[in-house]
Amino acid sequence: MNKEELVSLYRQMLLIRVFEDKSAEMYAKAKIAGFLHLYNGQEAVAVGALSALRPDDDLVTHYRDHGYALARGLDARKVMAELYGRAGGTTGGRGGSMHIADVSKHFWGGYAIVGGHLPLATGLAYANVHHKTDRIVLAVMGDGSTNIGTFHATLNWAQLWRLPVIFLVENNQYAMGTAISVHSAVTEIYKKAHAYEMLSERADGKDVLAVHDAVAGLAERARSGGGPALLEVVTYRYRAHSMADSDVQRPKAEISEQKERDPIDMFLANVLVARNLITSDEVERIKKRVDEEVEAAVQFADASPEPALDTLYNDIYAQPVANMQIGGSLISPATLYTGNGKHG
Ligand SMILES: Cc1ncc(C[n+]2csc(CCOP(=O)(O)OP(=O)(O)O)c2C)c(N)n1
Ligand SMILES: [Mg+2]
């Protein structure tokens, strides 16, 4: 990567960090309701992984999704408006924090059900093969998700059909407050892929370049027909599972020890400064611009209206196909949705 690309990694990680801190503040001010799972500490994973993919590669992730949205280039203003539940949000305020999506950017969400998105991601990979594109899919999950049935069913299917999908496991060492040694019989998650004879690797999830390199290699392999892979990245989240959860299970000393290996600080010191790629003035300028971008996001969300009540039932069902047949009877689109909340 050249200097601009490396500096951009730093800027993106910083944007996520500041955006997440601001989201916590807005949650405390009751501007944001519902669930809010923050990504502080894990920024190098989303930024490293997406920097190694093409913008048209498909992305499917779990509920800790703001970092992925920002790293994919979604507008921070629209992401914040979505957290607020406002009409200007990425899905018109209907999804909230856990369901950010932008199909124009091949970002298919944002899913709340642990492991529920993995068959969808693999279905996308199948569709990419079927339509003869060379797009690949990145399917992101947490360590806890690798205990659930859909994970195993999906790995089996992906490997059997050699589908172009990378399973990226963000091993932040906890599922909610439960430590990995308590929730998983196998604590080195990459080994779970061995059961399906799938290629797997493990990387340092706090090292943005290590994540980039690992994903780049697996992406090239998947794109050229080499099949799926699982990448485990070891990382740590700084905040509790969600804003509504306490953090009593994790030792305070462990959290502060983890913060000593901060992915953003390490990249700045060990790469950008060590290689003379950035000056302290540039760092200050970047910080200022990031703060302004996040402030603009809050202002946009504050000014964005609530979704109109008469749009409540919009976007729930796909637009019915004209003259569609269901069970032998001809269905006209008008009978499918009557407009008063009742369905024909
Ligand atoms: C099927 C299902 N079971 C339980 C939950 C509740 N739940 C939400 S997140 C979570 C833990 C998942 O941990 P992990 O996969 O490690 O992801 P992390 O939150 O650490 O990023 C649980 C149990 C859920 N959303 N879906
Ligand atoms: Mg976890």
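The values are calculated or read from the model by the stated rules, or taken from the named source; none is laboratory data. Since the structure is predicted, the reported quantities are computational estimates derived from the model, not experimental observations. Cβ coordinates were reconstructed from backbone atoms using ideal geometry, including for glycine residues, and neighbour counts include every protein chain displayed.
A single entry from L124, L138, L160, L168 fulfils the requirement of being within 18 Å of H194 (Cβ to Cβ) and surrounded by 20 or more Cβ atoms within 10 Å (Cβ to Cβ): L168. The listed residues are F35, F19, and the only one of them that is more than 16 Å from ligand 2 (Cβ to nearest atom) and either over 14 Å from V208 (Cα atoms) or of a type in the set (D, E, K, R) (or both) turns out to be F19. Of the strands (runs of 3 or more DSSP E) contained entirely in region 124-215, those carrying at least 3 residues that are within 22 Å of P55 (Cβ to Cβ), in the same structural domain as V114 (by TED's automatic domain parsing) and away from ligand 2 (no atom under 12 Å from the Cβ) fall at 137-142, 165-171. Residues in region 212-260 that are modelled with pLDDT under 95 and not aliphatic (A, V, I, L, M): D245, S246, D247, Q249. Right, Y238: assigned to a helix (DSSP H, G or I), within 16 Å of ligand 1 (Cβ to nearest atom) and surrounded by 14 or more Cβ atoms within 10 Å (Cβ to Cβ) or not? It is false that Y238 is assigned to a helix (DSSP H, G or I), within 16 Å of ligand 1 (Cβ to nearest atom) and surrounded by 14 or more Cβ atoms within 10 Å (Cβ to Cβ).
Listed by first and then second residue, the pairs linking a residue in region 79-90 that is within 11 Å of P307 (Cα to Cα) to a residue that is crowded, with 23+ Cβ neighbours inside 10 Å and charged (D, E, K, R), with Cβ atoms under 6 Å apart and 6 or more places separating them unless they lie on different chains, are G89/E82.
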